[in-house]
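Asks: Supplied in structure tokens, the structure appears directly below.
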Amino acid sequence: MKQRLFALITFIFFSTIVAVAQEQEPPKTIEEMAIEEAVRLEKELKLEPHQAFYLDSILQHDMKAMDNEMQELRSAGVQDFRNFEVIREKWLEQVKSSVKKILTEEQYIQYLKEIGHYKKEKDKEKNKGSKKKKR
């Protein structure tokens, strides 16, 4: 399963180029995409109203901040995709950290599965445990 969040972030990055090339309607704004993702996750995770509010706020803030950093790189003429990947990963970790604070443990596990990071997080926890045992 492709990571939905990665797809969303990648869409943000390439939507402008694709829209111009295909002469389509203007791409959705960062805020619109954040709202759509929040609504989707609200349904998938069965969020309480206060959780949905916080999730929407987190996504709108962090996705906008990530987009601003990406725009700065583009403006500076950076073309190495790895630089953009580092920023994407940084903001993805920020979102996961913030979301973890507002979700129950079960919801967070489902969230990780939704974005395709459950196995990665599980492996990270195993590695932490094995490092502690070695000491």
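Each reported figure results from applying straightforward, stated rules to the coordinates on display, with no laboratory input. All figures in this text were calculated on a predicted structure; none of them were measured in a lab. Ideal geometry is used to build each Cβ from the backbone, glycine not excepted, and the neighbour counts take in all protein chains shown.
Asks: Quickly work out the residue 118-to-residue 104 label distance, labels modelled 7 Å from Cα along the C-beta direction, and quote it in nm with one decimal.
Replies: Those two pseudo-labels are separated by 1.6 nm.
Asks: May I pose another question? Restricting the calculation to Cα positions, tell me the Rg (one decimal) and the Dmax (whole number) of the stretch 46-113 in Å.
Replies: 14.3, 43
Asks: Between residue 40 and residue 79, what's the calculated FRET efficiency when r is the beta-carbon distance and R0 is 30 Å? Round to 0.05.
Replies: About 0.40, to the nearest 0.05.
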